[in-house]
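What follows is one structure encoded as structure tokens, with my remarks underneath.
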Amino acid sequence: MTTVTKTDRPGTHPLLRRKPIAQISEEAGGGSDGGKLVRSLGLWHLTMISVGATLGTGIFVILGTAIPDAGPAVWISFIIAGIAALLSAVSYAELASLVPVSGSSYSYTYATLGEGMAWVCGWCLVLEYGVSVAAVSSGAGEYINEAISTFGLELPHAITAAPGADGGIVDLPAMLLVVLAMLLLVRGVKESALVNTVMVVIKIVILIFFCVVAFSAFSAGNFQPLFPMGAAGMSAAASRVFFSYIGFDAASTAGEEAKNPQRDLPRAILLSMVIVTSLYVLVAIAAVGAREWTWFQGSEAALVEIVRESIQQPWVAVVFSIGAIIAIASVVLTVLYGQTRILLTMSRDGLVPKVFGKLSAKTGAPVQGTLILGIAIAVTAAVIPLGELADATSIGTLFAFALVNIAVIYLRRKQPEIKRQYRVPFFPVTPLLGAAMCVYLMLNLGASTWIVFGLWMLVGVGLYYAYGRRHSRVAALSDEEYRALTAVPLQTPARSTADQRL
């Protein structure tokens, strides 16, 4: 039995035109040159992509800022933040199984809220992915110096910091790290996924090693009182550590390179949340058990200090510094990967230049787009102090999360007959809470961050009207062609005149 979508009303404004799920799914795997991405990723690779993008350097330094807010209850703060992230993660899981393409929340928004909001979402993802790669990589120089200081060596500050940062000239380690990730992605997704898996396993082993050492000095008395800063302090810490969970959506950008996306994408997203949350809570409990909560005030490298004091060996700093560098490299690799796949999807729709959608016949990767994006981000990381722009990635991420929650509600109401491999539990309460949590966290961010985000959005609107609107394939359809497109069967896509135009 064939079911169809409701036909949109004639004359729908281009900004409100939606792209049907059937059409998105039919186009999946096709670049602007007609090539296809290679399906080579299984559940384990997909899970490691999400863990790699999420489990970054934050856990190595975040305890020094979160524990003074929450006290010994910081482990509860991690659970609360994990639940908040999980509310959006389950929405991602449902849509990833329903629309298993490389566009992530951009594609989900296009299918539900229309082209205008899809562009805004895509532009937010450019901020989240692109700027965060540059921001994360900028910490590599510090950890390299920490590792080699044991041998009496140090890189000159002039080549480890961007201009304007206390005499910095160029952040060479950050630039090289992005270039290496770019070159690895050019070789193909299978090789990149293998390297990322190795790096993720290494940083998990390092965190487990910390827990073993810290539990050897465990004292239950360090958890008394549990709430010295009250419930408000615990909540403040939860807001702070929430951003350690950003990145779980990375697997959703691999929808067209997964062997069994409908089955594996939801599992990978949820499994990565379980792994990351368990590690965060375990590390937090071990750290507080090893030291009184007041000890963490002003400590920027609490994990390293605890292990160094416990073992009293210089090699400890080297091990943890290398672990931090690997954590940075893993985040850079997976997030850069996600950015290239999102731009590939946007290029199919005509909203960004076609070069980002061209696939290599040899590797099946978007080589040209990866090179352009990688070089641009490498230069940004090397010579531009990111400042408030890096902080604005939080708003962009939360905005995209909120749109995904709304998209789940929309599709359940408008197209309930579509077969879903995974369904959000306790609908509609879960996505409503997820969207509300995202809005709440956005409102708690500073005014300067909102100003930078507003300016970023103005630039995005300008680019859309200068290029995207004029080249959009959906906006270029006549009303008759658009009506034909939105009447495409959901389960068995058919070719129509509008399909051929797309």
* To do: Please verify whether segment 55-63 includes one or more residues that are β-branched (Val, Ile, Thr), in contact (Cβ under 8 Å) with a residue 12 or more places away in the chain and either more than 30 Å from Gln297 (Cα to Cα) or touching a Lys or Arg at 6+ places or on another chain (Cβ under 7 Å) (or both).
  => no
* To do: For residues that are assigned to a helix (DSSP H, G or I) and surrounded by 15 or more Cβ atoms within 10 Å (Cβ to Cβ), tally how many sit in segment 163-186.
  => 14
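State the number of residues belonging to segment 418-445 that are in contact with a Leu (Cβ under 7 Å, 6 or more places away or on another chain) and of a type outside the set (Ser, Thr, Tyr).
From segment 418-445, those in contact with a Leu (Cβ under 7 Å, 6 or more places away or on another chain) are 418, 420, 430, 433-434, 437-438, 441-442; that's our starting set.
Subset that is of a type outside the set (Ser, Thr, Tyr): 418, 420, 433-434, 437-438, 441-442.
Qualifying residue count for the region: 8.
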* Structure fact -> For segment 243-274 the number of residues that are touching a Leu at 6+ places or on another chain (Cβ under 6 Å) and closer than 23 Å to Ile328 by Cβ is 4
* Just one of (1) assigned to a helix (DSSP H, G or I); (2) under 30 Å from Arg17 (Cα atoms); (3) over 18 Å from the mean Cα position of the chain (by Cα) trips up Leu359, so point out which. => (1)
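Every residue in segment 79-118 that is among the acidic types (Asp, Glu) and within 14 Å of Ile269 (Cα to Cα), please.
The one that is among the acidic types (Asp, Glu) and within 14 Å of Ile269 (Cα to Cα): Glu94.
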* Answer with yes or no whether Val332 is touching a Ser or Thr at 6+ places or on another chain (Cβ under 9 Å) and over 30 Å from Leu477 (Cα atoms). => yes
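Just checking, does segment 246-255 include any residue being among the β-branched types (Val, Ile, Thr) and within 22 Å of Ile49 (Cβ to Cβ)?
Taking segment 246-255 as the starting set, the residues that turn out to be among the β-branched types (Val, Ile, Thr) are 246, 253.
Still in the list and also within 22 Å of Ile49 (Cβ to Cβ): 246, 253.
The answer is yes, given that some residue of segment 246-255 is among the β-branched types (Val, Ile, Thr) and within 22 Å of Ile49 (Cβ to Cβ).
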* **Candidates Ser330, Ser219, Ser299, Ser244 - the one that is at pLDDT 90 or above, within 29 Å of the chain's Cα centre (by Cα) and of a type in the set (Ser, Thr, Tyr)** => Ser330
* **segment 79-126, residues that are more than 18 Å from the chain's Cα centre (by Cα) and more than 21 Å from Lys419 (Cβ to Cβ)** => Ile79, Ile80, Leu113, Gly114, Glu115, Gly116, Met117
* Count of segment 209-245 residues which are surrounded by fewer than 22 Cβ atoms within 10 Å (Cβ to Cβ) and not in a helix (DSSP H, G or I) -> 10
* Asked: In segment 448-467, is there at least one residue being within 27 Å of Gln262 (Cβ to Cβ) and either modelled with pLDDT of 90 or more or within 19 Å of the chain's Cα centre (by Cα) (or both)?
  -> no
* To do: Evaluate segment 442-462: report whether one residue or more is in a loop (DSSP other than H, G, I, E, B), without any contact (Cβ under 8 Å) to a residue 60 or more places away in the chain and closer than 23 Å to Val126 by Cα.
  => yes
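From the residues in segment 73-103 that are among the polar types (S, T, N, Q) and under 30 Å from Ala236 (Cβ atoms), which one is surrounded by the most Cβ atoms within 10 Å (Cβ to Cβ)? Lay out the reasoning, then the answer.
Quick first cut of segment 73-103, residues among the polar types (S, T, N, Q) only: 77, 88, 91, 97, 102.
In the following step, the residues that additionally are under 30 Å from Ala236 (Cβ atoms) were identified as 77, 88, 91.
Numbers: Ser77: 27, Ser88: 30, Ser91: 28.
Result: Ser88.
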* Tell me which of these Ala193 doesn't satisfy, since it passes every other one: (1) buried (at least 19 other Cβ atoms within 10 Å of the Cβ); (2) more than 17 Å from Ile326 (Cα to Cα). => (2)
* To do: Would you confirm whether any residue within segment 342-350 is of a type outside the set (Lys, Arg) and assigned to a loop (DSSP other than H, G, I, E, B)?
  => yes
* Hits in segment 383-428 - residues which are outside any helix (DSSP H, G or I) and modelled with pLDDT under 90 -> Ile384, Pro385, Leu386, Gly387, Ala392, Gln415, Pro416, Glu417, Ile418, Lys419, Arg420, Gln421
* Can Ala251 be described as under 29 Å from Ser321 (Cα atoms), surrounded by 18 or more Cβ atoms within 10 Å (Cβ to Cβ) and either touching a Pro at 6+ places or on another chain (Cβ under 8 Å) or not charged (D, E, K, R) (or both)? -> yes
* Asked: Any chance segment 197-215 includes a residue that's modelled with pLDDT under 90 and among the charged types (D, E, K, R)?
  -> no
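Let's see how each residue does on (1) among the small types (Gly, Ala, Ser); (2) buried (at least 22 other Cβ atoms within 10 Å of the Cβ); (3) at pLDDT 90 or above; (4) under 18 Å from the mean Cα position of the chain (by Cα):
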site	(1), (2), (3), (4)
Asp33	no, no, no, no
Lys36	no, no, no, no
His45	no, yes, yes, yes
Ser50	yes, yes, yes, yes
Ala53	yes, yes, yes, yes
Ile59	no, yes, no, yes
Leu63	no, yes, no, no
Gly71	yes, yes, yes, no
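The values are calculated or read from the model by the stated rules, or taken from the named source; none is laboratory data. These numbers come from a predicted model, not from an experiment. When we count neighbours, we look across all protein chains shown, and the Cβ atoms used for this are built from the backbone with ideal geometry, even at glycine.
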